[in-house]
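The values are calculated or read from the model by the stated rules, or taken from the named source; none is laboratory data. Owing to the predicted nature of the structure, the values given are computational and were not obtained by experimental measurement. For neighbour counting, all protein chains shown are included, and Cβ atoms are generated from backbone atoms with ideal geometry for every residue, glycine included.
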Amino acid sequence: MSLAFNSKILIATLADFEQPIDASDTQFTVGRFDEAALVCTAAFIQSQGAKSKHKGSLVAMYCKSDYRGTGIAKEVVRHLIDRVKGMDGVKVINLSVVTENIRAAAFFESFDFKVYGTEPKAMFDGDRYYDEHLMTLDLKASG
């Protein structure tokens, strides 16, 4: 997940999405609009290795601050998960979240993502390092 500062907790910013993910059978971006304005987005990329095609990553998530807590982000992630469930052979969605971003971790846990590890010093902003929780969702087990 691409991240930047907000109250000393890293979260995505709109600038992180200047490089679009071209849609294909193995990667896509979903979003939600308020009239003509894109207010929330999430992207998925399926692994391409012969032994890793069964998994993919939620690689970017952004919701404009005015729309956080409104349920829009839940709609976007639910749509992403449902779409991935329809992909042939994908069984797992992985993501990472900065350990200090408790709100984001709880958000993903609400979809049954589980922490399976922590990567020390996963990000560096030029001043300090940040650890990231590695999270996974088993699509077979999720509802």
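Can you pull out the residues in segment 101-125 that are of a type outside the set (A, V, I, L, M, F, W, C), modelled with pLDDT under 95 and surrounded by fewer than 17 Cβ atoms within 10 Å (Cβ to Cβ)? Residues satisfying the conditions are 103, 125. Listed conditions (1) modelled with pLDDT of 90 or more; (2) surrounded by 14 or more Cβ atoms within 10 Å (Cβ to Cβ) are all met by residue 52, apart from (2). Residue count for segment 70-103 under the criterion of being in contact with a strand residue (DSSP E or B) (Cβ under 9 Å, 6 or more places away or on another chain) and more than 13 Å from residue 134 (Cβ to Cβ): the result is 19. Here the condition is being under 30 Å from residue 34 (Cβ atoms) and touching a helix residue (DSSP H, G or I) at 6+ places or on another chain (Cβ under 6 Å); of 84, 97, it holds for 97 alone.
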